[in-house]
Each structure stands twice: as C-alpha cells, then as structure tokens.
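The next block holds one structure in the form of structure tokens; read it before the comments.
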Amino acid sequence: MAAKTHAILTLLLLSALAIASPATALGGSVVGGRTKISSVESNQEIQQLGNYSVTEYNRQQHQSRNGDGGDTNGDLKFVKVVAAEKQVVAGIKYYLKIVAAKGGNKKTFDAEVVVQAWKKSKQLMSFAPSPRN
C-alpha cells in the first residue's frame with residue numbers, strides 16, 4: 001500500500017514538473033513575472049503610455065504646487081520610451097524607461113503605470129529620475 005501511494009505521489013510530482021518546465025526552460029515567462037517588451041520605439045501603445053506618464057506627472061506637480069493648471073514653463077516634455085516591461089497584476093503593470101526633456105536637457109525617468117482595460121482606466125503609480133541613465 002505504501003509503495004502504491006509513493007508511486008502515485010511520484011507520478012503527480014513528475015506531471016507537475018512536466019507542465020511547469022516548458023514555460024521556464026524554453027525561455028517563457030514565469031506567471032506573474034515581468035516580461036520584456038521588444039521594439040518599444042515603434043510600439044504606439046507603449047509610446048502613448050510614456051506620453052501619458054509625463055503628462056500625468058506634470059499634472060500632479062501642478063496640483064501639489066498651486067492646486068491648479070498654472071505655469072507650465074517647468075514641465076517635462078515627453079521624448080520617447082526607450083525600454084519597457086510588463087507584468088500581469090490586477091490588469092497590466094508597465095515598467096517604462098522614459099526620456100523626457102526640461103529646458104532642453106534630456107533625462108531618463110522610470111515610470112510604473114497600471115492599465116485596467118475592462119475599467120478603461122490607467123494610473124501612474126510612480127515616476128522618478130532613473131538611477132541608471
């Protein structure tokens with residue numbers, strides 16, 4: 001009886017490994033892990049998310065400074081997204097590396113945006129200068 005139980009457990013373990021290993025061994029992504037997005041500079045959706053991130057960051061800065069739309073002279077200007085990853089969460093979370101300009105000087109920023117298509121919503125979770133330019 002114990003040998004039969006051991007054989008069944010071994011079979012279940014081997015089955016689970018056979019199902020899980022193709023996704024990781026053959027270069028697939030891990031469920032819930034980040035996936036690199038290729039060709040970001042030609043990807044319209046990713047470039048639009050980058051533009052949204054900069055616009056939303058500027059809007060948040062205006063609200064925290066003076067509570068309205070006020071002066072836009074110090075705003076960042078979106079240039080392009082140069083790298084991106086995505087992760088399935090309650091929606092899709094995008095990790096963007098964005099080039100933006102302020103006063104003619106280009107800098108790189110890291111942004112995180114969560115998109116929930118079924119709610120037709122997107123939210124800027126973070127936006128900060130990139131430590132790796």
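Values in this text are rule-based calculations from the coordinates and carry no lab data. Given the structure is predicted, the values throughout are model-derived calculations rather than measurements. Here the Cβ is made from the backbone with ideal geometry for all residues, glycine too, and neighbour counts use every protein chain on show.
Observations, loosely collected:
- For LYS77, net neighbour charge (Lys/Arg +1, Asp/Glu -1) across residues whose Cβ lies under 13 Å away: +3
- Virtual spin-label span in nm between ARG59 and GLN44, 7 Å along Cα→Cβ: 2.2 nm
- When only alpha carbons are used to place a centre, the range 102-133 and the range 80-101 end up 7 Å from one another.
- Positive-end extreme of charge dipole, the range 45-118 - chosen from ALA83, GLN63, ALA111 (charges on Cβ): ALA83
- Around ASP110: net Lys/Arg minus Asp/Glu count, Cβ-Cβ under 9 Å: +1
- Tensor-based shape of the range 38-104 (alpha-carbon gyration tensor, a/c under 1.5 rounded, otherwise prolate or oblate): oblate
- Nearby lysines by direct alpha-carbon distance to LYS102 (threshold 20 angstrom, same-chain neighbours under 8 apart not counted): LYS77, LYS80
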